Each structure stands twice: as C-alpha cells, then as structure tokens.
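K.L.:
One structure, as structure tokens, below. Some questions next.
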C-alpha cells in the first residue's frame, strides 16, 4: 500500500496541482502577482511541480481580504421615467423631430399636388361631396 501511494497517488496529485497552478498563473492579472514575475512562477511550477504549485497557491498572488457583501455596494434605486432628465430630453427631441417631419411632408405634398394653386391646402379626405 505505501508503495502504491508513492508511485501513483503522489505523482497524480503533483501533476493535478501543477496544472491548476499554471492555469491560475496564466489567468491571474499581472497586478495581483506577488514576489516574482509570472514567467518565473510558471518555470518554478514546471521544474518543481508539487512544491512550486503549493508555493504559488500560498504566496503567489494577492487574495481578496474580505468577501464582497451586499452592504458594500451602493444602493441604486430605480428611477421613474418622468424623473430621468435624459429620458425626458430624448422624448422632447423625438417630438421635435416628428413635428419637423410632418411640416416637411406637408410642404412636399403641397408642392407636388398639381391641382393645388397658390399653395392652398387640399380638401381633407372623407369630407365633401363625393359618392360612396
């Protein structure tokens, strides 16, 4: 039993820790790496897998000192649309744009209508003396 532990289990654990440590080193931001540059950490883990991986896990990168909690985040309350200045400005711009479009369409219709003389407005549809 001790022979199996020394020949099978320890190398498997060593390789697993080394793979984990190398992946963690590569994914860790450079600003959080301590003591050595990332390339030296990778070399240490490759050369001495078990010890290098344990040292990386223990001292290689800065850990978050406290777990983030809901009390640390600022409270953001929902804003009603009529309280949001940007929303109201957007609505005003849309209303102005639609009014300009309607005015331009009316001008275009009045200039394109050959029966319309002197820019008079054409009769509204649905009114007048037409047959059904």
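No value in this document is a laboratory result; all are computed from the given coordinates. Keep in mind that this is a model prediction, so the values were computed, not measured. In this analysis, Cβ positions are derived from the backbone assuming ideal geometry, glycine residues included, and neighbour counts consider all displayed protein chains.
K.L.:
Quick check on packing: order 56-63, 3-10 by the mean number of other C-beta atoms within 10 Å, highest mean leading.
P.N.:
Working: 56-63: 14.8, 3-10: 9.5.
For the peptides 56-63, 3-10, the packing ranking is 56-63, 3-10.
K.L.:
Would you kindly state how much longer the chain becomes between residue 102 and residue 23 on full extension, computed as 0.36 nm times their sequence separation minus their alpha carbon distance, in nm to one decimal?
P.N.:
22.3 nm
K.L.:
Listed highest first by mean packing, meaning other Cβ atoms within 10 Å per residue, what order do 14-20, 99-105 come in? Mind showing how you got there, number by number?
P.N.:
Numbers: 14-20: 15.1, 99-105: 10.0.
Per-residue Cβ counts within 10 Å, averaged per peptide and sorted highest first, yield 14-20, 99-105.
K.L.:
Using alpha-carbon pairs under 8 Å, 6+ residues apart, how would you state the relative contact order of region 1-52 in percent? It would help to have the intermediate numbers written out before the result.
P.N.:
Working: 26 pairs, mean separation 22.0, N = 52.
Reported as a whole number, the value is 42 percent.
K.L.:
With just the Cα atoms of region 1-51, tell me how far they stretch along each of the three principal axes, in Å, largest first.
P.N.:
Result for region 1-51: principal-axis Cα extents of 45, 16, 12 Å.
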